[in-house]
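Each remark here refers to the structure printed beneath this line.
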Amino acid sequence: MSRAIYLDENEFPKSFYNVLPDLPEKIPPYVDPKTKEPASLEAMAALFPIELLKQEMNYDDRSIPIPAELREVYIERLLRPRPLVRATNLEKHLGLPPDVKIFYKREDLSPTGSHKPNTAVAQAYYGMKEGVKGYATETGAGQWGSSLAYAGMLFGMDVEVFMVRCSYEQKPYRKVMMNMFGADVKPSPSDTTQVGRKFLAEGRSSGSLGIAIAEAIERAVTTGKKYSLGSVLNHVCLHQTIIGQECIEQMKMADETPTHVFGCFGGGSNFAGIAFPFYELNRNKKAGIRLIAVEPDTVPSLTKGKYEYDHGDSAGLTPLIKMHTLGKDFMPPPIYAGGLRYHGAAPSVSLMVKHKLVEAQTVSQADVNPMAELFAKSEGIIPAPETTHAIAAVVRTALEAKRKGAAATLLFNFSGHGLLDMAAYEKPGGAGQKK
Ligand SMILES: *Cc1c(COP(=O)(O)O)cnc(C)c1O
């Protein structure tokens with residue numbers, strides 16, 4: 001068996017796996033913040049394409065066919081199926097015995113360097129089919145904005161991105177990437193929306209994700225564009241399930257069954273993408289695979305957050321969502337993994353944690369710091385700061401198995417590369433620092 005395991009293009013999944021019908025209970029409805037009633041489809045349709053809303057609330061179909069045209073985009077543009085790799089060099093570095101094995105899925109091999117285009121192209125496709133003119137969205141560190149910008153380029157759609165101003169200034173290359181795909185990028189708060197002007201007048205010019213969401217929603221509502229989110233929601237997690245479905249086939253080819261499946265956890269989409277199809281195996285085949293979401297101990301939404309209704313943004317504009325949350329006013333510390341600095345969590349994963357179908361673990365900054373360099377020096381790939389959280393949990397579990405003399409087959413989602421994060425790795429304490 002070679003290190004890298006490939007599938008043929010005709011083995012790319014024909015449908016998304018919808019976890020909703022397989023959950024032990026329905027996700028409590030989204031609630032309108034003004035009326036406190038369940039948010040109506042009409043109200044939400046002002047923001048999202050109808051097809052995505054149908055997916056969001058579909059409790060009937062486990063399997064949602066991928067339209068041929070979209071399937072072609074996954075294969076020909078996003079170069080799927082993507083390889084699964086046995087981390088033989090990392091195993092050697094850690095001195096693991098032969099029955100402790102590590103596999104990872106190469107989601108960094110996308111045009112923007114992460115798993116996020118998997119949902120961006122689907123959202124652009126369904127929007128295009130409904131005649132949507134364009135999307136407005138927000139981005140923190142820039143991964144989501146660049147993925148939607150890429151998808152907008154493919155489908156000839158306008159994309160306008162409100163980027164948290166401090167990131168806009170600290171990470172200029174993500175902005176350049178968005179511009180090169182043809183998107184319009186504004187530092188948020190901007191003077192182009194009412195909310196933006198209000199926050200500017202209050203002197204809150206460095207911005208926050210909550211403010212950027214508020215600006216994007218205002219823009220969508222006032223221009224007839226739609227609004228788009230890159231994580232958390234059910235339809236986003238749904239699109240990402242192509243990852244786990246590919247992994248199931250590839251693990252079969254390797255003649256292995258994972259004992260543990262890991263993903264780092266920000267809003268939940270890359271974790272859901274790899275884990276949900278294995279949850280289906282657990283249900284149908286009693287496979288007993290442990291599904292582990294890994295979050296920073298400084299942003300512990302799943303492990304320390306309350307399971308309750310909260311807003312998705314810090315301005316309080318989005319519907320209330322029942323989820324694990326640290327509170328919409330939680331101020332995440334300035335860790336490098338911008339994609340993990342989110343107060344809430346996907347409602348689907350939150351429910352699964354409540355029912356103990358998914359485990360959540362934390363890793364500390366000290367656990368995470370050496371991981372980028374360890375991975376670069378063993379496997380030869382520079383991970384995104386977010387991804388190093390998954391690696392830290394995998395390494396911890398592998399070393400524990402080694403110590404106990406137990407067998408383990410660990411699979412994780414390599415959610416993105418860190419080639420635009422060198423500034424973080426260069427900083428004191430960063431992984432690239434000379435010792
Ligand atoms: C955005 C991002 C994450 C976190 O988001 P999820 O929705 O939890 O997946 C993780 N890794 C990378 C590389 C990202 O860009």
Given Phe265, Phe278, which one is within 26 Å of Ala216 (Cβ to Cβ) and modelled with pLDDT of 95 or more? Phe265
Hey, among Ala87, Ala4, Ala39, which residue is more than 14 Å from Asn234 (Cα to Cα), loosely packed, with under 15 Cβ neighbours inside 10 Å and of a type in the set (A, V, I, L, M, F, W, C)? Ala4
Within region 379-389, take every residue that is in contact with a Gly (Cβ under 7 Å, 6 or more places away or on another chain) and outside any loop (DSSP other than H, G, I, E, B) and give me the one that is farthest from the ligand (Cβ to nearest atom). Pro383
Checked region 90-109 for anything surrounded by fewer than 24 Cβ atoms within 10 Å (Cβ to Cβ) and near the ligand (Cβ under 10 Å from one of its atoms); matches are Asp108
At least 1 residues that are closer than 28 Å to Lys226 by Cα and within 20 Å of the chain's Cα centre (by Cα) in each: list the helices (runs of 4 or more DSSP H) lying fully within region 1-86 that qualify. 50-56, 68-76
When you go through Ala372, Ala390 one by one, which is the residue that is touching a residue at least 60 places away in the same chain (Cβ under 8 Å) and under 30 Å from Ala287 (Cβ atoms)? Ala390
Given Gly344, Gly316, Gly339, which one is at positive phi and either surrounded by fewer than 24 Cβ atoms within 10 Å (Cβ to Cβ) or in contact (Cβ under 8 Å) with a residue 60 or more places away in the chain (or both)? Gly316
Of the residues in region 226-244, how many are surrounded by fewer than 24 Cβ atoms within 10 Å (Cβ to Cβ) and in a helix (DSSP H, G or I)? 1
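Looking at this structure, is Ser364 within 14 Å of the ligand (Cβ to nearest atom) and among the polar types (S, T, N, Q)?
no
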Just for region 390-416: of the residues that are closer than 24 Å to Pro98 by Cα and within 13 Å of the ligand (Cβ to nearest atom), which one is surrounded by the most Cβ atoms within 10 Å (Cβ to Cβ)? Phe414
I'd like to know if region 269-277 contains one or more residues that are part of a helix (DSSP H, G or I), more than 17 Å from Leu23 (Cα to Cα) and either among the hydrophobic types (A, V, I, L, M, F, W, C) or touching a Leu at 6+ places or on another chain (Cβ under 8 Å) (or both). no
Filter region 260-316 down to residues that are hydrophobic (A, V, I, L, M, F, W, C), away from the ligand (no atom under 14 Å from the Cβ) and more than 24 Å from Ile242 (Cα to Cα), then give me how many there are. 1
Answer residue from region 317-341, given it is within 17 Å of the chain's Cα centre (by Cα) and closer than 19 Å to Pro189 by Cβ and is nearest to the ligand (Cβ to nearest atom) among those: Gly338
Return only the number of the condition from (1) crowded, with 17+ Cβ neighbours inside 10 Å; (2) modelled with pLDDT under 95; (3) not hydrophobic (A, V, I, L, M, F, W, C) that Pro334 does not satisfy. (1)
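The values are calculated or read from the model by the stated rules, or taken from the named source; none is laboratory data. Here the structure is a predicted model, which means the values were calculated and not measured. We place every Cβ from the backbone using ideal geometry, glycine too, and count neighbours over all the protein chains shown.
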